[in-house]
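Before any comments, here is the structure.
What follows is calculated from the coordinates using simple rules that are stated; it is not laboratory data. Computed from a predicted structure; not experimentally measured. Every residue, glycine among them, receives a Cβ derived from its backbone with ideal geometry; neighbour counts consider all protein chains shown.
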Amino acid sequence: MSSAALVPVFAALGDETRWSILAALGEGDASASALAERLPVTRQAIAKHLAVLAEVGLVEPVRVGREVRYRVLGAELSATAARLDAVGRDWERRLAAIKEIAEGL
């Protein structure tokens, strides 16, 4: 996953309500109505937030009878986490190099 691809994902996750929705979906698939019962947000607002999360590839709608439930796409979350880990490792290498230079002075 490129850095440019992460920007929309982080923008989507930067909203507290979307983060709460994603966390709730981590416990199991749910419809917008079911999420609205658990969170202090209207069903219509939940639906809009779910659309944003779906647009960046973090959730997907799944039809179950007449109901549409949403599920978290673990592969996308794993790819995002892997990219963050890589960034962290790069920073740790840079900091270790700076420390080595500073200690050599």
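Side notes on the structure shown:
- Any chance Arg71 is free of Cβ contacts under 8 Å to residues at least 24 places away in the same chain and on the phi < 0 side of the Ramachandran plot: no
- Cross-chain or 6+ apart pairs with Cβ under 9 Å, the stretch 84-105 first and in contact (Cβ under 8 Å) with a residue 40 or more places away in the chain and under 19 Å from Leu6 (Cβ atoms), then hydroxyl-bearing (Ser, Thr, Tyr) and not in a helix (DSSP H, G or I): none
- Count of the stretch 17-34 residues which are of a type outside the set (A, V, I, L, M, F, W, C) and under 11 Å from the mean Cα position of the chain (by Cα): 3
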